[in-house]
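Sharing a structure below in structure tokens format, with a few things to ask.
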């Protein structure tokens, strides 16, 4: 109508589908032209902006959106502005424009784009955008940030349009990729390629024969044979009741549940004993009944864990005694039970040793009396002597450090313990004892250092290797650019 503008998508073939009221944005002051130096010009469907004389257009997109920001020329200054064929990429395009200009390229017209052949390419100030055309579906991998790369034809409903070959007595079902056919419930599918193309040939189902009997009606089966009407494969049939079977005369008689494993729940290692009514289960010899309330349902094999060493955790110096459920362990004579858990005895047995017979096995003073105990020993100073042991809990002990009865290095400190002593190399010395774990501080030597004239970079660490040998390693944050075979000589950040 008059006063409206036709903006239909397909105005050539389908005009009048979308109409927009005509309005003068400039007169209504609803434009976004620059307020200082900007001039608004009304157009049929929108408006245009441009900068007045003596004003420079410094808009961000001067090609598609000119006149949005205008700056006045001054006599004592200068102004830079990228030409319309370039994009302003200056660090501060508002206050200092025209410092960095990039040539504007229309990827759409130059063919430098990857839009689908079924998509429209739209040029942007710095790149381009793709949009699938009508009647096409966007199936691009990244449809949010990179749409219009893969455009496929929109789905067609062959069932609704009648473009299918389903049988007249079949249902047509539309699918994302084509369609499928399915014969109606009262028809059988006799299609030649039923696996891939079902529902192409449908024939009426044959009329089923009348049922042999009725579940909910009077008993039509032979009562003298004890038959009843039951569902067999979803069909009513005259058959024997539950727990009955046909005998040689054709009558239904009570079943011996023990003859059929599926009719009793005895354990596989239990004996099934038939009764006048029902049956009973009894665990076999060598098995223990662990059932609750109903015997013979759970039978556990009795295992002699002591007969197989890998099936018990007794100490090798303990006796394994088999029991009805499990086993127990007892340390042999001459051994002491030192098992961690009181509930699990005989798991760790230690040989009883008389430490007093061998001076190397006790640390009593040579003038003290050594008395053997069940799991250790005790020391007692003789009468008319004074006990100077370090710990009151361990009387009669020798202070090897104060008496000089130790093997510590001259560069180590001796520290007396409740049982024996230990050695620690002094600060500035390296412990090189042969048995460092059990006897530290026996050999203490000064640490090795790199020679003063080493060739390592100032940004590298020198590590001594003995004698005059050493190796260099660049510290973290530096890259080793040394010649081959000479690491750590040149280190650069």
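The values are calculated or read from the model by the stated rules, or taken from the named source; none is laboratory data. This structure is a prediction, so every number in the text was calculated from the model and none was measured. In this analysis, Cβ positions are derived from the backbone assuming ideal geometry, glycine residues included, and neighbour counts consider all displayed protein chains.
If residue 282 satisfies all but one of (1) at pLDDT below 90; (2) within 30 Å of residue 259 (Cβ to Cβ), what's the number of the condition it fails?
(1)
May I ask you to say which residue of 298, 303 is free of Cβ contacts under 8 Å to residues at least 12 places away in the same chain and surrounded by 13 or more Cβ atoms within 10 Å (Cβ to Cβ)?
Exactly one residue qualifies, and that residue is 303.
Sticking with this structure for a sec: Exactly one condition in (1) in a strand (DSSP E or B); (2) in contact with a strand residue (DSSP E or B) (Cβ under 8 Å, 6 or more places away or on another chain) is false for residue 221; which is it?
(1)
List the number of the failed condition for residue 320; all other conditions in (1) outside any strand (DSSP E or B); (2) over 45 Å from the mean Cα position of the chain (by Cα); (3) closer than 28 Å to residue 352 by Cβ; (4) modelled with pLDDT of 90 or more hold.
(1)
Right, something else. Across the stretch 411-426, which residue is farthest from residue 444 (Cα to Cα) among those that are modelled with pLDDT of 85 or more and surrounded by fewer than 19 Cβ atoms within 10 Å (Cβ to Cβ)?
Taking the stretch 411-426 first, the residues modelled with pLDDT of 85 or more are 411-415, 422-426.
Then drop every residue that is not surrounded by fewer than 19 Cβ atoms within 10 Å (Cβ to Cβ), which leaves 411, 413, 415, 422, 424, 426.
Working: 411: 6, 413: 11, 415: 16, 422: 14, 424: 9, 426: 8 Å.
This residue is 415.
I need the full set of residues from the stretch 153-167 which are within 18 Å of residue 182 (Cα to Cα) and without any contact (Cβ under 8 Å) to a residue 24 or more places away in the chain, in order please.
157, 158, 159, 160, 161, 162, 163, 164
OK, next. Can you confirm whether the stretch 437-444 contains a residue that is surrounded by 12 or more Cβ atoms within 10 Å (Cβ to Cβ), under 48 Å from the mean Cα position of the chain (by Cα) and outside the structural domain of residue 487 (by TED's automatic domain parsing)?
The answer is yes; a qualifying residue exists.
If you take the residues in the stretch 97-142 that are at positive phi and surrounded by fewer than 17 Cβ atoms within 10 Å (Cβ to Cβ), which one is farthest from the chain's Cα centre (by Cα)?
Across the stretch 97-142, the extreme among qualifying residues is 111.
Follow-up. Residue 267: in a helix (DSSP H, G or I) and within 58 Å of the chain's Cα centre (by Cα), yes or no? Quick ask: steps written out before the conclusion?
On the way: in a helix (DSSP H, G or I): no; within 58 Å of the chain's Cα centre (by Cα): yes.
Considered against the rule, which asks whether it is in a helix (DSSP H, G or I) and within 58 Å of the chain's Cα centre (by Cα), residue 267 comes out as no.
Listed residues 387, 375; which is modelled with pLDDT under 80 and either part of a strand (DSSP E or B) or in contact with a strand residue (DSSP E or B) (Cβ under 6 Å, 6 or more places away or on another chain) (or both)?
Result: 375 is the single residue among 387, 375 that is modelled with pLDDT under 80 and either part of a strand (DSSP E or B) or in contact with a strand residue (DSSP E or B) (Cβ under 6 Å, 6 or more places away or on another chain) (or both).
Can you confirm whether residue 121 is within 25 Å of residue 64 (Cα to Cα), in contact with a helix residue (DSSP H, G or I) (Cβ under 6 Å, 6 or more places away or on another chain) and not assigned by TED's automatic domain parsing to the domain that holds residue 82?
Yes: the conditions hold for residue 121.
Name the one entry in 180, 196 that is at pLDDT 90 or above, more than 30 Å from residue 62 (Cα to Cα), loosely packed, with under 13 Cβ neighbours inside 10 Å and not assigned by TED's automatic domain parsing to the domain that holds residue 60.
Exactly one residue qualifies, and that residue is 196.
Only one of these conditions is not met by residue 367: (1) surrounded by 11 or more Cβ atoms within 10 Å (Cβ to Cβ); (2) modelled with pLDDT of 75 or more. Which number is it?
The failed condition is (1).
A further question on this structure: So, in the stretch 143-159, of the ones that are in contact with a strand residue (DSSP E or B) (Cβ under 7 Å, 6 or more places away or on another chain) and modelled with pLDDT under 90, which residue ends up farthest from residue 187 (Cα to Cα)?
Per the stated criteria, the residue is 152.
Let me ask something else about it. Would you confirm, using the coordinates I've provided, whether residue 172 is touching a strand residue (DSSP E or B) at 6+ places or on another chain (Cβ under 9 Å) and under 30 Å from residue 153 (Cβ atoms)?
yes
Can you find, within the stretch 75-96, the residue that is modelled with the highest pLDDT among those that are over 17 Å from residue 126 (Cβ atoms) and loosely packed, with under 10 Cβ neighbours inside 10 Å?
Restricting to residues being over 17 Å from residue 126 (Cβ atoms) and loosely packed, with under 10 Cβ neighbours inside 10 Å, the top hit is 92.
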